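Only one structure is covered here, and it is reproduced in the block below.
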Amino acid sequence: MSTFRLAPAASAVALLCTMVWPLAAAAQALKAAPAVAAASAAAAAFEAVVEAVRQTVVAAQVSGAVLQLDAKVGDRVKAGQVLLRIDARAADQNAAASDAQVQAARAMLDVARKDFERQKQLFQKNYISQAALERAESDFKSTQAQANAQLAQAGAARTQSGFYVVRAPFAGVVADVPVSLGDMAMPGRPLVTLYDPSVLRVTAAVPQSLAAQTLPVAAVRIELPGLVGAAAWLTPTHVQLLPLVDAATHTVQIRADLPASATGLAPGMFARLWLPQTQAVAGAAAAQPRLTVPLTAIVRRAEMTGLYVLDPQGKPMLRQVRLGRTEGDRVQILSGLMAGEQVAADPQTAARAR
């Protein structure tokens, strides 16, 4: 009877040992690698962002309902291409009325011109006085001025009616269309955001000690972590330091123009600007220690990039980090890790040991 009761207990102990042993073995096999400060490199990195040199927000100049919408986000458009149309029936009627007034003014001007010619002929034959000729000339000039005013008003009406057709000011890519069919356009309301993908640049904030530095263009490198392969590294065509220091951060902006051959870029993308190690750059980089870990310790899950960091008891905890430059078999950690912390060199083993 006692043997029958001990059998389930022995089975439970055996099962528990079977479950615990792999975890213990995984914990013993877990290898730790410290986050160490990297040696000074030939270049220092500064966070940057991709910007469009030519970007505009096309806004409405008149009010009316949006009747036609030909622009969609992501479309490539040509200069002068129709993006949308606003209800212009009232404006068209005003333009037609102005054209009719111009025709009437021209007819009156023609009559006044002929009358003035007759008056001149009569004056030459001494049939009318000088005063009568001057009155005829004054009437002709007055009619001519009225005709010119009507012609100008008609031109303004035609120009006004042209505001109801919104066209692309230059060739580019549609970035945003904040209106829909039937929406009411008002003067100043944004309709379409457009940028030129062939003229892009990278802008970064650097210490003000660089304001007096002359940076060789060939030594400046642009890193685009969102791209892969050779496309992730570019050499700018022009580098400019703006002559203005931010009073809050004591930094200056540096702009590096991207080559027109660069593809796969869009405004707002994250980038890094690598500057050669001049004395000023070296001083700025020294203020921010560069930590590196083995490249094999990086964990990538969907859009998350992280590391298994070991706590004082040796238990691995997944932590999100931001990566920097890869140098050989090690990668720089920009944020999320402190110097001296231990990370798991084998993420798969660390995941089983949690």
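Rule-based calculations on the coordinates, nothing more; no lab input. Predicted model only: the values in this text are computed from it and were never measured. Positions of Cβ are generated from backbone atoms using ideal geometry, with glycine treated the same way; all protein chains shown enter the neighbour counts.
The slack between Leu295 and His250, meaning 0.36 nm per residue of separation minus the straight C-alpha distance, is 12.8 nm. A protection proxy built from the mean count of other Cβ atoms within 10 Å ranks the segments 117-127, 75-85, most packed first, as 75-85, 117-127. Straight-line cross-link reach from Lys141 at under 14 Å between alpha-carbon atoms covers these aspartates and glutamates, not counting any fewer than eight positions away in the same chain: Asp110, Asp115, Glu117.
Projecting the Cα atoms of Ala104, Ser161, Ala91 onto the charge dipole of the stretch 89-162, computed from C-beta unit charges around the Cα centre, puts Ala104 farthest toward the positive end.
When we measure straight from the Cα of Lys120, which aspartates and glutamates land under 12 angstrom away, once same-chain ones fewer than 8 places off are left out? In chain and number order, the partners are Glu134, Glu137. For the stretch 189-206 versus the stretch 52-124, the inter-centroid distance based on Cα atoms is 32 Å. Projecting the Cα atoms of Pro267, Leu191, Val220 onto the charge dipole of the stretch 172-268, computed from C-beta unit charges around the Cα centre, puts Val220 farthest toward the positive end. Neighbour counts of C-beta atoms inside 10 Å place Trp233, Trp274 in the sequence Trp233, Trp274, starting with the fewest. Each eigenvalue of the Cα gyration tensor of the stretch 89-162, multiplied by 5 and square-rooted, gives one semi-axis; in descending order these are 35, 9, 6 Å. Here the relative contact order of the stretch 89-162, from alpha carbon pairs under 8 Å that lie six or more residues apart, stands at 53 percent. For Met269, the residues whose modelled amide H falls within less than 5 Å of its own, excluding neighbours fewer than 5 places apart on the same chain, are Val50. The lysines within cross-link reach of Lys31, meaning a Cα-to-Cα straight distance under 29 Å and a gap of 8 or more places when in the same chain, are Lys315.
Here the simple spin-label model places points 7 Å from the Cα toward Cβ, and for Phe163 and Ala90 these points are separated by 1.2 nm.
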